[in-house]
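Reviewing the structure listed below.
No lab work stands behind these numbers, since they all come straight from the coordinates. Quick caveat: nothing in here was measured; it's all calculated off a predicted structure. So basically every Cβ, Gly included, is an ideal-geometry build from the backbone, and we count neighbours across all protein chains shown.
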Amino acid sequence: MNLQELLPNIEKKNEIFVTAHRGANAECPENTILSFKTAIDIGADLIEMDIHKSRDDQIIVMHDGNTRRTSNISLNISESTLDELKKADLGEGQTIPILDEVFENFKGKVGFVIEIKAKGLTNLLKQKIEDYNLSKDCIIISFKHGELKKFRKISPDVPIAALNPSRSGWLSSWFFRKGVINRVKKMGFEGTHPFHKLVDDQMVIYAHSNNIFVNPWTVDNIDRWKELLAMKVDGITTNDPRNLIKLLSDIEK
């Protein structure tokens with residue numbers, strides 16, 4: 001199945017699925033309600049976010065396991081309660097959102113790409129997706145393929161894509177690139193989110209021949225956007241959705 005078939009509730013606005021990495025990360029504090037809203041207003045098809053679990057079992061939307069890099073205080077998410085985490089100032093009036101807030105604000109407006117960053121989230125995430133009836137609006141991704149396997153067992157209807165890291169010494173190897181797709185197929189997942197330098201025409205053709213979608217990360221360079229578009233990738237994950245959408249609009253004219 002292609003990505004549109006996997007996400008039938010998502011109105012595709014662009015030639016490919018423009019995936020806003022942590023929202024409109026180039027313009028706003030990352031992984032915030034403001035960042036996600038800005039990405040949607042720009043015209044992104046999907047918003048990507050990262051999740052952790054707080055000490056009181058809330059699903060926290062943040063990339064790092066500690067708040068230090070993106071806020072004014074240092075708290076370990078797994079050791080902190082939601083009330084404690086809400087005291088962190090992310091800038092521009094933003095606080096750390098929980099997944100409920102994201103779903104409540106943006107359900108029906110965009111698709112959700114949710115990266116599992118820590119263990120112990122699969123059951124909570126399954127329940128939240130069911131509570132909001134969003135099984136056809138979400139893609140679950142992670143570098144932790146074991147967690148993705150756990151999620152698939154309890155939530156077989158939600159699309160899953162494996163994240164693949166950058167391994168510079170292997171990027172030119174067809175054996176490695178083919179292996180990425182073969183592993184995704186063996187695990188029974190629907191897609192791959194590979195590091196963009198791993199992607200070439202041969203890899204995309206092979207993925208599509210195995211009914212696996214390709215959404216590379218994280219690409220902010222116009223020349224690379226053009227190369228990936230020529231390869232017919234299904235989506236592009238970017239910190240700069242505004243300029244990617246402008247490029248797509250210019251190409252269509």
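Under a point-charge model restricted to the Cβ atoms of Lys and Arg (+1) and Asp and Glu (-1), what is the dipole moment magnitude of the range 183-238 relative to its Cα centre, in debye to the nearest 20?
220 debye
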For the pair D201 and D56, how long in nm is the line joining their label points, each one 7 Å along Cα→Cβ? 5.6 nm
Evaluated at 10 °C with a viscosity of 1.306 mPa s, what Stokes-Einstein diffusion coefficient in µm²/s does the range 98-191 have when Rh comes from the Kirkwood expression over alpha-carbon pairs? 111 µm²/s
Calculate, in nm to one decimal, what K226 and N243 gain on full extension: separation in residues at 0.36 nm each, minus their alpha carbon distance. 4.9 nm
With +1 on each Lys and Arg Cβ and -1 on each Asp and Glu Cβ, how big is the dipole of the chain about its Cα centre, in debye rounded to the nearest 20? 1000 debye
Output needed for the range 1-143: three equivalent-ellipsoid semi-axes, defined as square roots of 5 times the C-alpha gyration tensor eigenvalues, in descending order, whole Å. 25, 18, 12
Applying the Karplus parametrisation 6.51 cos²θ - 1.76 cosθ + 1.60 with θ = phi - 60° to the phi angles of the range 32-40, what ³J(HN,Hα) value in whole Hz is obtained for each residue in order, glycine and proline being reported as x? 10, 4, 4, 5, 5, 4, 4, 4, 5
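May I ask for the Kirkwood hydrodynamic radius of the range 1-43, worked out over all distinct Cα pairs and given in angstroms to one decimal?
Hydrodynamic radius (Kirkwood, Cα only) of the range 1-43 equals 11.2 Å.
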So I have (i) 30, 22, 17; (ii) 52, 23, 17; (iii) 28, 21, 17, and one of them is semi-axes √(5λ) of the Cα gyration tensor in Å calculated from this model. Which one is it? (iii)
Output wanted: per-residue J couplings in Hz (rounded whole) for the range 243-253, from phi through Karplus 6.51 cos²θ - 1.76 cosθ + 1.60, θ = phi - 60°, x for Gly and Pro. 6, 5, 5, 4, 4, 4, 5, 5, 5, 6, 6
Please name whichever of T67, H52, M231 sits farthest to the positive end of the charge dipole of the chain, dipole taken about the Cα centre and charges placed at Cβ: Lys and Arg +1, Asp and Glu -1. M231
In whole Å, how far is the Cα centre of the range 96-175 from that of the range 1-56? 12 Å
How big is the charge dipole of the range 1-61 about its Cα centre, in debye rounded to the nearest 20, if each Lys and Arg gets +1 on its Cβ and each Asp and Glu gets -1 on its Cβ? 80 debye
Through the Karplus equation 6.51 cos²θ - 1.76 cosθ + 1.60, θ set to phi - 60°, convert the phi angles of the range 198-209 into ³J(HN,Hα) values in whole Hz; use x for Gly and Pro. 7, 8, 9, 4, 4, 5, 5, 4, 5, 4, 5, 5
Note the full-extension length gain between Q127 and D41 as 0.36 nm times their separation in residues minus their Cα-Cα distance, in nm to one decimal. 28.1 nm
Gain in length, H208 to D89, computed as 0.36 nm per residue apart minus the alpha-carbon separation, to one decimal in nm? 38.5 nm
Spin-label model distance (nm) - D64 vs N2, 7 Å beyond Cα toward Cβ: 4.0 nm
Which cross-chain or sequence-distant (5 or more) residues have an amide H under 5 Å from the amide H of N239, H modelled 1.01 Å from N in plane? H21, V219
